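As structure tokens, the structure follows; a few thoughts come after it.
Values in this text are rule-based calculations from the coordinates and carry no lab data. The shown structure was predicted, so the numbers you read here are calculated from the model rather than taken from an experiment. Every residue, glycine as well, gets a Cβ built from its backbone with ideal geometry; the counts of neighbours run over all protein chains shown.
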Amino acid sequence: MGDSPAAATPPPASGDLMALRYQRLVLLNRMSVALFGDKPFAAALPEACHAAMALMSAQSVSVYFTDERGNSVLAYRHADKRLSDEAARRAEADLLASAFSGKRIVTSAADGRGWEAAPLLHLTAEEALLTGGVVFGRVKAEPLDAEREGGLVEIARHLRNARLIQQTLQNRKISAAIVDQSSEAIFVTDLEQKVLTWNSGAERLFQWRRDEALGRHGAFLVPPDRVEEIETVVKEVLARGSKTPVETERLRSDGTSVAVEGSFTLLKDDSGAPFAIVRSYRDITKRKQVERMKAEFTALVSHELRTPLTAIRGFAETLRDFGDELEAEKRRHYLQIILDEATRLSHMVGDFLDIARIEGGGIETELSEVRTAPLFDRIERLFKEHPSKPSFRLEVGPGAESLRGDEEQLYRLFVNLAGNALKYTPPGGAVTLRAEARGEDVELSVEDQGPGVSKEDQKRLFEKFYRAGDAVTRKTPGTGLGLAICKGIAEAHAGTIRIESEPGRGARFIARLPKKGPRG
């Protein structure tokens, strides 16, 4: 390795030297314009390399860039056929390896041909990072004079900078695409809180288009009662560099608020000066609903379990302490209360176990031919002595006389639906149990004569632990699991359940199930 031992060439005259330098400046400028112009990098590289070949008076050029693993990958090669044989490629590869290992310019000569290689180095305060290399070949070996060596240094610098810019732009595009496609709302504000970027997640969450949000002060998302909170958060981010998580509320374009969890990160330039804040928000409405339902459920279960247990314990203690003194009728009455409360408690525990089974993989079914008329008769007999003294209308349409299903689970479904209907049907009113054929399906329904269910409550009726906000529901004990269990039973039969209701016109719950049963 080293300069080739070719005979020294007489130095050019002063005028020729100036012309040569001017020509090299023109070629270097052409290379620069190609690399840093508007063309895509892959299209600009060949044009730049041809200018570099002319600058180096070479007949071949090869440019290599290192990948993420540090391996050198050929990005472009152009060579005269006299420098395209296997020996030339080996010489080029060996010289490049030497330039990489030494991180310096190296030359070689063989068979009268010559090569010059330079590493592309990104210099940092700690080290020189290898980003690639460039190799020039010539059909006639010549020593690398100071002018060409200077040109080689400039070529390597231009290629290195162009590569770094290309990688930076690529990374920015990738980051921008990732951010834009993120489900979270992510945007950047400057230190004056003006919005600089706005991703698709922000458009979906806050319902402001990108062109509507850019340039606005971030306060347009903050509810009036949260202004002091965000000011405190921004001060903390400026002092500490980040703040996460922050549970708060933000405004949508229609003025409604949305529960969010936010994180804030301060951006700094190379000198360490802050210039922007990245804000990321995710919608936690569902989580808040679940937390609220859990809290309500805990309170509800505590109350619902305590009530029958208190009654059972109280009357059991009374019978233990005063049983011999009580009349037989009173003892029977107290025992009946204990039995009723124990049955109620058993039903509640059964509901909890059922919902756990549904969430753990669904209800297991034992399929058989279920006749709808006898099923309806069982429901009527069960509620015959209900205090509201209802009348039952049983209607079985043609083609809906039977279906394949789990009779006990379908009975449970109707017990829940009919019991729910009786809560809302006025004394002496009617509850209708109906079976109708719908193509390959059967629709089993329960209809009451109550006040109906609001559109708002209809959306959430089949959620576990949800209870409607009407006066009747508030006065009636319950866990809010009955309709969720009905949904689980319908789905275990490969069916669906829905409600049809208008205010003041009662409600009709409809389970649509395949007549031939769920397919295994």
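Observations on the model:
- By the Kirkwood approach, averaging reciprocal distances over each pair of separate Cα atoms, the stretch 368-514 gets a hydrodynamic radius of 15.4 Å.
- Within straight-line reach of Lys140, meaning a Cα separation under 18 Å, sit the following aspartates and glutamates at least 8 residues removed in sequence or on another chain: Asp3, Asp80, Asp85, Glu86, Glu92, Asp111, Glu116, Glu149.
- Projecting the Cα atoms of Leu305, Leu55, Val222 onto the dipole axis of the chain, where Lys and Arg carry +1 and Asp and Glu carry -1 at the beta carbon, places Leu55 farthest toward the positive end.
- About the centre of its Cα atoms, the stretch 183-283 shows a dipole size close to 160 debye [charges on the beta carbon of Lys, Arg (+1) and Asp, Glu (-1) only; nearest 20 debye].
- Put simply, the Cα atoms of the chain extend 135, 57, 47 Å along their principal axes, the longest span coming first.
- Mean Cβ neighbour count within 10 Å, used as a protection proxy, ranking 244-257, 129-142 highest first: 129-142, 244-257
- Within straight-line cross-link reach of Lys235, lysines at Cα separation under 29 Å, skipping those fewer than 8 residues along the same chain: Lys194, Lys243, Lys268, Lys288
- Toward the positive end of the charge dipole of the chain, with +1 on the Cβ of Lys and Arg and -1 on the Cβ of Asp and Glu, the farthest Cα among Gly506, Thr244, Gly314 is that of Gly506.
- For the peptides 407-419, 69-81, 91-103, the ranking by packing is 407-419, 91-103, 69-81, with the highest mean count of neighbouring Cβ atoms within 10 Å listed first.
- Two-decimal log10 I(q)/I(0) for the stretch 14-175, as the Debye equation yields it once each C-alpha is a single scatterer, q = 0.11, 0.12, 0.15, 0.20 Å⁻¹: -0.43, -0.51, -0.80, -1.37
- Simple rule: put +1 on each Lys or Arg Cβ and -1 on each Asp or Glu Cβ in the chain, find the dipole, and look at Leu335, Gly517, Gly419; the Cα lying farthest toward the positive end is Gly517.
- Its DSSP H runs of at least 4 residues, each contributing -39,500 (n - 2.57), put the calculated 222 nm mean residue ellipticity of the chain at -15000 deg cm²/dmol, to the nearest 500.
- Neighbour net charge for Thr197 - beta-carbon separation under 14 angstrom, K R +1, D E -1: +1
- When only the Cβ of Lys, Arg, Asp and Glu is charged (+1, +1, -1, -1), the dipole of the chain relative to its Cα centre reaches about 640 debye.
- Sequence-distant lysines (8 or more away, or on other chains) whose Cα lies within less than 21 Å of Lys487: Lys286, Lys294, Lys423, Lys455, Lys459, Lys464, Lys515, Lys516
- Based on C-alpha pairs under 8 angstrom that are at least 6 apart in sequence, the chain has a relative contact order of 8 percent.
- Cβ-derived FRET efficiency at R0 22 Å, Lys423 paired with Arg306, nearest 0.05: 0.50
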